[in-house]
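In what follows, a single structure is set out as structure tokens and then discussed.
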Amino acid sequence: MIETRGLRKVYDGHGRQVEALASVDFTVEPGQFVCVVGPSGCGKTTLLRCLAGLLAPTSGEITVGGRPVDGPPDGLAIVFQEYGRSLFPWLRVADNVELPLKAKRLRRTERRGLVDEALAAVGLSDARTAYPWQLSGGMQQRVAIARALAFQPTVLLMDEPFAAVDAQTRADLEDLVRSVWQRFGVTLLFVTHDIDESVYLGQRVIILSSSPTVVVEDLAVDLPAERDQLGTRSDPRFIELRGHVYSRVQQAKRGIMPPEDGAAPPEGGAAPAERGTVPLTKEESSHVAP
Amino acid sequence: MTRRLIRVGMFLALPVLLFAIWWFASAGSTDFYQPPLSSILSVFPDTWFGDRMVKDVLPSLARLLAGLALALVAGIGFGVLLGTNRTLRALLEPVFEFLRAIPPPALVPVLILLAGIGDTMKVLVIVSGCIWPVLLNTVEGVRGADEVLADTCRTYRITGRLRLYHFVLRSASPQIMAGARQALSIGLILMVISELKAANEGLGFTVREFQTGFQIPEMWSGVLLLGIIGVVLSLLFRLVERRVLGWYHGVRAAERGSL
């Protein structure tokens, strides 16, 4: 559903070139829930903006739904980190959710049905006439999620959507995202800097290196599909996986790559990054121990 | 209810006080040019609420509103074009700077030659001054639109008229309203100025006629009327602003609350 090959992005400005993405290769299958995690400043947002067609890559290929991306792809929705800036402050909640549907030229009755369904799915049926700025941060992000869902996307990108909300709200929103993903059957790419979150949410975790960014590892999260904050997070396998991702991100921060087990894709992206179960090294085990 | 009464009281307190001072200070005045306020007020109703309301006051106000409306439409229209198109902005900026530097009163003789001495000329004088604050503020407002919101529009394919109305104009609306407020006061000044030369009716013309005819209390009453018109217009403007920018004040209040 999403495929990148040799994705490279160099920012060129003021006589200085900054290579944000070196060569990023990965594939997301239809209906998958994939988390992208990496050290802060590793070009996660750049990657996401390229996927969304908001930023032209310097070289490389991106396809979404089989079609090359040269502008915002059809059926793709985004939930931005800055909820306060991605909702229209002059529109009420329901109108915010409805506006993209108007742009899609849907009939009024159809729009109303989608808006109601999406707001119900995020638990905001009562807030439809409120303005975004009358709501808490977590509720505003719910509105943004509802807007994305009402759009009926095939691909949903989320850019550190919960970075700015408090921990308890965050846990609720994580479970909300899991449930709407299962219910609406979208392909979901979730960018985060939070390692726990990436393992808790995803079916796969793509670990990025520091800038210039490559994929360090593509890790399958073999946790049961039914997850809950208490049980999953205390599952030994969760702790194991989290420790592994943590040590990988730490390595990436220190600039150690490609790692010894050859997880980083070679130049040209012929071989896919390592996937499957995680063999733990001694160094990683030390992170796992509480 | 009581809060509203207090607000009205606050609004009226100083004007009432100033009028009282004027009233008593001028009470015994024998100066021909500075008549007592009582005599100004006594000629006020007869001067303005008769024929002159229809013949002078209303036509002046109609021209003012027409000029303001045209300035708003043209200023917002060009402002959106310039704000969204960098090339156009670079191309037209020098011309606009030149035009903006010309004081509108200096245009009166020119416009008389070009458009005659009728309503068209007077409306054009008003437009020539009022368009600039609207235009420049609109350009700034459009350019200052939030990038995340712009990305949101692109992602959700919000384009064309929907984008213009729900994104471009609405995000520029605080600046547009600031420009419109300036235009309102400039417009009132230019309304008077446009009627000082080559006019045979209008509020400015009448005040000038009173002055040359030594009808001094009547002249003062005209000045008073202009002031009252200014206050009423700005109150009406505030009503409109409260409707248009309700969200903006709400956002600001919410931001202050979260600090």
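By the equivalent-ellipsoid construction on the alpha carbon gyration tensor, the protein assembly as shown comes out with semi-axes of 65, 26, 20 Å, ordered largest to smallest. With 28 Å as the cut-off, how large is the P(r) tail for chain A, expressed as percent of Cα-Cα pairs? In whole percent, the share of Cα-Cα pairs in chain A beyond 28 Å is 38. When the Gaussian network model of chain A links Cα atoms closer than 10 Å, the mean-square fluctuations of A:V215, A:V36, A:V69 top out at A:V69. In the structure shown, the pairs B:K55/B:K122; A:K44/A:K253; A:K9/A:K104; B:K55/B:K197 are assessed against 23 Å; a Cα-Cα span above that value is assigned to A:K9/A:K104.
The Cα center of the range B:22-77 and the Cα center of the range B:176-240 differ in position by 6 Å.
Against chain B, whose longest principal axis is taken from its Cα atoms, helix B:37-48 shows a tilt of about 70°. Counting protein heavy atoms only, the range B:56-202 has 68 percent of its accessible area on carbon and sulfur, 1.4 angstrom probe.
So if I take the alpha carbon set of the range B:56-202, get Rg, then get Rh from the Kirkwood formula, what is the Rg over Rh ratio? Reported Rg/Rh (Cα atoms, Kirkwood Rh): 1.07. Based on alpha-carbon atoms, the Kirkwood radius and the radius of gyration of chain B give Rg/Rh equal to 1.06. Accessible area per residue for the range B:56-202 is 47 Å², calculated with a 1.4 Å probe on protein heavy atoms, without ligands, DNA or RNA.
Total buried accessible area between A and B, probe 1.4 Å, nearest 100: 2300 Å². The accessible-area ordering, largest first, of the residues A:H14, B:H166, A:H193, A:H244 stands as A:H14, A:H193, B:H166, A:H244, per a 1.4 angstrom probe. Note that chain A presents 43 Å² accessible area per residue, ligands and nucleic acids not counted, probe 1.4 Å. Note on chain B: with a GNM built from Cα contacts shorter than 10 Å, the maximum mean-square fluctuation among B:F11, B:F32, B:F167 falls on B:F11. Considering only B:S221, B:S39, B:S128, give the residue with the highest GNM mean-square fluctuation for chain B, with springs between Cα atoms whenever their separation is below 10 Å. The residue that fluctuates most here is B:S39.
Since only A:S234, A:A148, A:L176 are under comparison, the one whose Cα sits farthest along the positive direction of the charge dipole of chain A, derived from C-beta charges on Lys, Arg, Asp and Glu, is A:A148. Identify, among A:C50, A:G60, B:V142, the residue whose Cα sits farthest towards the positive end of the charge dipole of the protein assembly as shown, taking +1 on the Cβ of Lys and Arg and -1 on the Cβ of Asp and Glu, with the dipole about the Cα centre. Farthest towards the positive pole: B:V142.
When you filter the trypsin sites (Lys or Arg not before Pro) in the range B:164-251 for DSSP loop state and at most 12 other Cβ atoms inside 10 Å of their Cβ, nothing is left.
Of all lysines in the structure, not one has an alpha carbon short of 21 Å from that of A:K102, not counting any fewer than 8 places away in one chain. Taking Cα centre as origin and charging only the Cβ of basic (Lys, Arg, +1) and acidic (Asp, Glu, -1) residues, the dipole magnitude of the range B:56-202 rounds to 440 debye. Have a look at the range A:83-122 and report residues whose accessible surface goes down by 40 Å² or more when the remaining protein chains are included, against the chain on its own, probe 1.4 Å, ligands and DNA/RNA excluded. Residues shielded by partner chains are A:R85, A:F88, A:W90, A:L99, A:A103.
The values are calculated or read from the model by the stated rules, or taken from the named source; none is laboratory data. Remember, it's a predicted structure, so these values are computed and weren't measured experimentally. FYI the Cβ positions are ideal-geometry reconstructions off the backbone, even for glycines, and counts take in every protein chain you see. To get the accessible areas, we keep the full protein, side chains included, count just its heavy atoms, and leave off ligands, DNA and RNA. Shrake-Rupley method; radii C 1.70, N 1.55, O 1.52, S 1.80 Å.
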